[in-house]
Amino acid sequence: MLAIGEFSRLTHLSVRTLRRYHDADLLVPAVVDAATGYRSYGVEQIPDAQVIHRLRELDVPLADVRRILRAPEPMVRAALVADHLRRLEAELDRTRAAVVSLRRLLRPEPAPLQVELRAVPATTVAAVEGEVALDDVLGWYSGAMAELDATVRVSTGAPGGLYDNALFELGRGHVLVHRPTDDPPSRGRVRPVTLPAVELAVATHVGAHDDIDVTYGEVGAWVAGNALAVAGPVRETYLVGPRDTDEPSAWLTEIGWPVFRVAAP
């Protein structure tokens with residue numbers, strides 16, 4: 001048996017931490033002296049302590065650590081750890097995106113965004129549409145675009161999407177992704193849809209979408225500064241994207257806001 005101090009040195013877990021893990025029923029000493037309360041550990045508990053140490057370094061909550069340790073099969077334990085690693089990767093992606101946006105926002109003299117007004121005629125496209133939660137947009141988009149790719153044989157232009165204002169304002173709204181084609185099919189979720197004619201304030205976002213919200217803000221400022229008002233769902237056109245290149249810095253996304261001129265008071 002190992003005294004708690006010895007066990008602490010062997011596992012690099014402090015005595016205080018070991019006591020806390022005991023109280024949490026996570027790593028229970030092999031023996032607790034009834035008279036003194038001294039805790040003693042078995043050598044066979046060292047691997048469990050090391051696993052706990054690594055999981056806590058990954059910020060796995062104590063309750064999840066307990067489930068992992070008590071899982072009956074190695075495959076179950078591996079699956080629980082994999083789930084947490086996926087959550088960490090998602091958090092890391094959000095952190096990277098926030099850093100990119102902050103760096104762009106904090107530049108001393110950001111380059112002015114080029115915005116143009118463009119009249120777009122009515123166009124019939126092959127589309128997939130649905131009501132989508134903001135947090136689910138990327139996954140929904142991937143599935144919808146894969147279905148379009150499998151259905152549309154010949155595309156006549158870049159793919160795009162329409163994103164309802166409620167998506168951003170309420171966290172859920174109507175989303176439509178499309179591919180232009182001369183003969184839109186009707187198969188599965190894919191349907192012909194006619195996009196109405198519209199006047200757009202258009203700007204091009206360069207690079208990955210980590211800081212595309214900054215470009216949205218700059219377009220919005222331009223729209224407001226030119227006495228225009230937003231008149232419908234924002235349109236995105238993916239001139240160059242992941243389907244074209246693995247280099248995010250080469251991506252080009254047109255952002256188009258349907259607008260009309262505000263009448264003078």
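Here are some notes:
- Hits in the stretch 16-67 (condition: among the small types (Gly, Ala, Ser) and either within 15 Å of GLU6 (Cβ to Cβ) or over 36 Å from the mean Cα position of the chain (by Cα) (or both)): ALA30, ALA34, ALA35, GLY37, SER40, GLY42, ALA49
- Yes/no for ALA71 being closer than 22 Å to LEU88 by Cβ, modelled with pLDDT under 90, small (Gly, Ala, Ser) and loosely packed, with under 15 Cβ neighbours inside 10 Å: no
- Residue in the stretch 38-55 that is touching a strand residue (DSSP E or B) at 6+ places or on another chain (Cβ under 9 Å), without any contact (Cβ under 8 Å) to a residue 24 or more places away in the chain and over 30 Å from HIS205 (Cβ atoms) present: no
- Identification of strands (runs of 3 or more DSSP E) wholly contained in the stretch 155-204 with 1 or more residues that are crowded, with 20+ Cβ neighbours inside 10 Å and basic (Lys, Arg) yields 172-180.
- Only one of the listed residues (LEU106, LEU148, LEU102, LEU138) is assigned by TED's automatic domain parsing to the domain that holds TRP257 and either of a type in the set (D, E, K, R) or under 26 Å from GLU218 (Cβ atoms) (or both). That residue is LEU138.
- Residue count for the stretch 205-239, restricted to those that are assigned to a strand (DSSP E or B) and either buried (at least 16 other Cβ atoms within 10 Å of the Cβ) or in contact (Cβ under 8 Å) with a residue 60 or more places away in the chain (or both): 9
- Exclusive hit being within 21 Å of the chain's Cα centre (by Cα), without any contact (Cβ under 8 Å) to a residue 12 or more places away in the chain and not assigned by TED's automatic domain parsing to the domain that holds PHE168, set ALA97, ALA90, ALA78: ALA90
- Flag for GLU247 being touching a Ser or Thr at 6+ places or on another chain (Cβ under 8 Å), among the charged types (D, E, K, R) and modelled with pLDDT of 85 or more: no
The values are calculated or read from the model by the stated rules, or taken from the named source; none is laboratory data. Bear in mind the structure is a predicted one, so any value in this text is a computation, not a measurement. Because the Cβ atoms are built from the backbone with ideal geometry, glycine has one as well, and the counts that use them run over all protein chains shown.
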